[in-house]
Amino acid sequence: MARSNDRDRKRAPKEGIRKGKKKVDIVARDGIDWVDYKDVNLLRKFMSDRGKIRARRVSGLSTQNQRAVAHAIKLARELALLPYATRTVTERAPRPQRQPRGEQQREAVEPAEAELADVLVPDDVLEEVEP
C-alpha cells in the first residue's frame, strides 16, 4: 500500500510571527550556586499567585536550575515556609432572593385565573345569566 508523500514535504515558514524576548536565567545571572529553601523571597518569584510552580518556559530558568528551584519550593512547602495553595476570593454578583415554594406556585396559578376574568363576554350572554 502506497503512502502519501505529505511527510516528505516541507512546510513554508509562517510569516508575521514574532518571537518574544528570550528569558534570562535569574539564578545564573545573580551567581547563585545553590538555591536555598529558606530564601522565601527568591522562591516566590518562581511561584504563581495561587502557589503553583511556574513552568520553565515562563520563568526562563535553565533545566538544572528549574529542577533545583522546584525541589527547594517543595521542601519549603513541607516545612511550612511557603503555602501549598493560596485562597483567592472572587467577587460575584449577589443572587436574587428566593421565595418559598408555596408562594412561587401561587404566583404561577394566579395569572391564569386573572386572564380568565379578562375574557370579553358579549352583553347578550350577561343579560341571560343575570336573574
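Rule-based calculations on the coordinates, nothing more; no lab input. Since the model is a prediction, treat every value here as computed from it, not as a measurement. Here the Cβ is made from the backbone with ideal geometry for all residues, glycine too, and neighbour counts use every protein chain on show.
Put simply, when 83-94, 52-63, 68-79, 22-33 are sorted by average Cβ atoms within 10 angstrom per residue, most first, you get 68-79, 52-63, 22-33, 83-94. In this structure, the amide hydrogen of Met47, modeled 1.01 Å from its nitrogen in the peptide plane, lies closer than 5 angstrom to those of Arg54, counting only residues at least 5 positions away or on a different chain. Backbone phi angles across region 20-26, fed through the Karplus curve with coefficients 6.51, -1.76 and 1.60 (θ = phi - 60°), yield HN-Hα couplings of x, 5, 5, 6, 9, 6, 5 Hz in residue order; Gly and Pro are listed as x. When the listed pairs Lys19/Lys52; Lys21/Lys52; Lys45/Lys74; Lys23/Lys52 are checked against a 22 Å cut-off, the alpha-carbon distance exceeds it for Lys19/Lys52; Lys21/Lys52.
Annotation: lysines with alpha-carbon distance below 22 angstrom to Lys14 (same-chain offsets under eight excluded): Lys22. Per-residue Karplus couplings for region 65-76, computed as 6.51 cos²θ - 1.76 cosθ + 1.60 with θ equal to phi - 60°, are listed in order as 5, 4, 5, 5, 5, 4, 5, 5, 5, 5, 5, 5 Hz, Gly and Pro entered as x.
Shape index of region 26-78: Rg/Rh, with Rg the Cα radius of gyration and Rh the Kirkwood radius from the inverse mean 1/r over Cα pairs, equals 0.91.
Would you mind calculating the relative contact order of region 26-78 from Cα pairs under 8 angstrom and at least 6 residues apart, reporting the percent as a whole number? Each step should come with its number before you reach the end.
On the way: 32 pairs, mean separation 23.1, N = 53.
Rounded, it is 44 percent for region 26-78.
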